[in-house]
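K.L.:
So that we are looking at the same thing, I have put the structure below in structure tokens.
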Amino acid sequence: MSRLIDRLSLSQRLSIPVMGFIVLAFISLQFITYQTFLKIEKDNLLSQTQVLANGVGMNLTAAVLFNDHLDGTEIMSAFSAAPLVARVRLEHPDHSLFVQYINPDIEFIPPTTEEKHDVTRQSYHFGPEMLYLTVPVMLDNEPIAHMHIGVSLKTLQEMRTTHFQVSFMLLLAIIALTAYIINRVQSWVIHPISQLNLAVNRIIKDESPSPITPQTQTYDEVGELVSCFNSMQKKLNERDAEIRATLSQLSEEKAFADDVIATVQHALLVVNQTGIITLANDATLSVLDLPAVKAKGLSLTDILHTEHPHLFGSRLEAALNGQQQFDHEIMKGGATSSGQPRTYQIVSRPLEHRKQTLFAIEDVTKRQQAEQQQKMAAQVFESSQDAIMLLSDSGIINMVNPAFSRFLGYHPDEAIGRHFHIMFDLGKDSKIELAIRQALKKTNHWHGEMSPVCKDGSFIPMFLRINRIQVSHSDEFQTVVIASDLRSMKKMRRLEHLATHDPLTNLANRSKLHQELVQVLSKQKSKNSVFAVLFIDLDDFKTVNDTYGHSAGDKVLKIIAERLLRTVRKSDMVARLAGDEFVTIINPVASRNDISFTCERILARIIEPISLGKKTQLNIGASIGCYYVYPDESQKVDDILRRADKAMYGAKLSGKGRIIEFNQFRKNYD
């Protein structure tokens, strides 16, 4: 084998390994790329199907609870948005069929026993032609039904065929390109080397060689070698040309050095042994407020006006005598035009040939102030009684303060570099994390109560204030988390309002509304009274945001909130659920006329003109859904809000700006 290789020409030794390596590398790369892309496509298909199924599952909760097959079938039709879904079976926990969705355009292939076992074990399985997965329909963290979904892998099979076709075409193109490159290499390298070999042999034989003329003129190492060989026949007068070129280069370098000195931002001063400035650059004006022309002939001590002239004088004398030079020393100098003292950084180096000293002086006043502010911020960070954590945009912990370690028990080395998930129960806090990410994406801040997990496994109730900030001069973002210990009752009282009220309108939020309804329901039977829940939704509020911006929309919401509070009684409650949805609890209700009158007043107050500026006024309406709650009915809070919401939706459909009652007021309670 070695003899066969030794007999090969230089061209063959170059061509065969290069061609083989490129083809092998291409095939390996295409295989890895195909496997990676196939995995990504499978993950995307699985993720999209799970997201769609979870969304449909949330809507199916009521249909399953009330055994509403018609509503369930209608909701299941949402799977038609995914054309690859072949069949979806919604089964009760006892595996009895509730409803199902079948795509007539795709044939469903039932899973084998082994595939069913794999789906049961990990909730999904990729078969040869179908993706099988099971998604539970949850209620209060308990499954009330399961969706068995079959998704066609037709697109993945088509992708595989397309990938093989494209790879084959690319392979042909790469083989052709490699052949062309090898041909060029032979022309650029092999042929000139062969000619050079012949010429050297002619020199050895005392023959007069002619100049080498390669097939293709190149400017690489081979071309340079050929050129050098030809240059040996030239006359010695080329040395004179080289000397002239060298002198020209030295002249250009001197001009370049002069330009650098003229444009440098430091004040460069050449001082003689008596302390007098003999040369200065143009930056002297910006650093010392003195033109370079006027600086010549002046004393360096008189120009700087240092805070301690005698000390500076002795240091200057030592530097001028070559004993001890200034090495980035900081000194206070004269005041700026605003009266603020300057801070200078001074560096000096002796000029031996001229027996003078070069001083480089930089105005570091702003940098010193920035460093002081940074030190102060660091002290605040270190001494804060609240735990502070700095996260990268991907959730990696970059920095923590001592209070963080004191509260959670993690040493900084144990936390920095790890994901913040180490401190949270993902099973319990996943929904909160999703809400936080959405809030940070929309408003760059979030606050609320959570219970991080300490190093020892215990939980600490904390109030978190999370802000997403952009790094200066960068497109990157970082997240600052400030956590206050809620174990102190004093803080609990101070933060209770923040946790139960909407930060924009200062109305009760959904949590406070839920608490209030629970309390009213618990007291209702003893009082034998009726109360009403009014679900209020602003009409066409989206056009306000789209036309005037979100800041104008926020102003409108604040004004509407104030009007609602002034319209109802002090004993009644007004809450903001989300967006432009408000809920009012009227308790107690004496008659239907009282509710009608209150609703009419609310609509009248809401529709009053709202001023957004000197020349901008708008009128906005609302739709109201009313639901009466009686003491002889056992009801849940979510059911009450759902029925009031349904009545409001009816008011929207009937023309907006209307009042719809979900149920009638009983005359025996008049």
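The values are calculated or read from the model by the stated rules, or taken from the named source; none is laboratory data. Everything numeric here is computed off the predicted structure, so don't read it as measured data. All Cβ positions, glycine included, derive from the backbone under ideal geometry; neighbour counts span all protein chains shown.
K.L.:
Having 2 or more residues that are of a type in the set (A, V, I, L, M, F, W, C), outside the structural domain of Ile559 (by TED's automatic domain parsing) and surrounded by 15 or more Cβ atoms within 10 Å (Cβ to Cβ) is the bar; report the strands (runs of 3 or more DSSP E) wholly within region 574-670 that clear it.
P.N.:
The strands (runs of 3 or more DSSP E) meeting that bar number zero.
K.L.:
Now a separate question. Being part of a helix (DSSP H, G or I), surrounded by 15 or more Cβ atoms within 10 Å (Cβ to Cβ) and not assigned by TED's automatic domain parsing to the domain that holds Arg601 is the requirement here; does Leu495 meet it?
P.N.:
So Leu495 passes the test.
K.L.:
Can you find even one residue in region 472-483 that is more than 30 Å from Phe597 (Cβ to Cβ), aromatic (Phe, Trp, Tyr) and surrounded by 13 or more Cβ atoms within 10 Å (Cβ to Cβ)? Let's see the steps before the verdict.
P.N.:
So in region 472-483, the residues more than 30 Å from Phe597 (Cβ to Cβ) come out as 472-483.
In the following step, the residues that additionally are aromatic (Phe, Trp, Tyr) were identified as 477.
If we keep only those that are surrounded by 13 or more Cβ atoms within 10 Å (Cβ to Cβ) as well, we get 477.
Yes.
K.L.:
Run down Val574, Val568 and say which single residue is touching a Phe, Trp or Tyr at 6+ places or on another chain (Cβ under 8 Å) and hydrophobic (A, V, I, L, M, F, W, C).
P.N.:
Val574
K.L.:
Mind checking which residues of region 45-54 are surrounded by 13 or more Cβ atoms within 10 Å (Cβ to Cβ) and without any contact (Cβ under 8 Å) to a residue 40 or more places away in the chain?
P.N.:
Residues satisfying the conditions are Gln48, Leu52.
K.L.:
Please work out if Ser96 is under 19 Å from Val151 (Cβ atoms), without any contact (Cβ under 8 Å) to a residue 60 or more places away in the chain and of a type in the set (Ser, Thr, Tyr).
P.N.:
Working: under 19 Å from Val151 (Cβ atoms): no; without any contact (Cβ under 8 Å) to a residue 60 or more places away in the chain: yes; of a type in the set (Ser, Thr, Tyr): yes.
No: the conditions fail for Ser96.
K.L.:
Considering every residue within region 431-444, establish whether at least one is without any contact (Cβ under 8 Å) to a residue 24 or more places away in the chain and among the acidic types (Asp, Glu).
P.N.:
yes
K.L.:
Does any residue of region 63-80 turn out to be touching a residue at least 24 places away in the same chain (Cβ under 8 Å), of a type in the set (Gly, Ala, Ser) and surrounded by fewer than 20 Cβ atoms within 10 Å (Cβ to Cβ)?
P.N.:
yes
K.L.:
Consider only pairs whose beta carbons are under 6 Å apart and that are at least six residues apart or on different chains; among these, list those whose first residue lies in region 314-329 and is in the same structural domain as Lys355 (by TED's automatic domain parsing) and farther than 15 Å from Thr274 by Cα and whose second residue is hydrophobic (A, V, I, L, M, F, W, C) and part of a helix (DSSP H, G or I).
P.N.:
If the second residue must be hydrophobic (A, V, I, L, M, F, W, C) and part of a helix (DSSP H, G or I), the pairs left are Gln324/Ala318; Gln325/Ala319; Phe326/Ala319.
Condition check ((1) of a type in the set (Phe, Trp, Tyr); (2) closer than 22 Å to Val264 by Cα; (3) not in a loop (DSSP other than H, G, I, E, B)) across all residues:
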position	(1), (2), (3)
Asp282	no, yes, no
Gly297	no, yes, no
Ser314	no, no, yes
Met331	no, yes, yes
Ala360	no, yes, yes
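K.L.:
For residues that are charged (D, E, K, R) and closer than 18 Å to His497 by Cα, tally how many sit in region 448-468.
P.N.:
Total satisfying the criteria: 2.
K.L.:
Are there any pairs, at least 6 apart or on different chains, whose C-beta atoms fall under 7 Å, with the first in region 348-376 and free of Cβ contacts under 8 Å to residues at least 40 places away in the same chain and the second part of a helix (DSSP H, G or I), and if so, which?
P.N.:
That search, which allows pairs on different chains as well, returns Ser348/Ala319.
K.L.:
Please work out which residue is nearest to the chain's Cα centre (by Cα), limiting yourself to region 356-384 and to residues that are surrounded by 11 or more Cβ atoms within 10 Å (Cβ to Cβ) and among the polar types (S, T, N, Q).
P.N.:
Applying the filter and picking the extreme gives Ser384.
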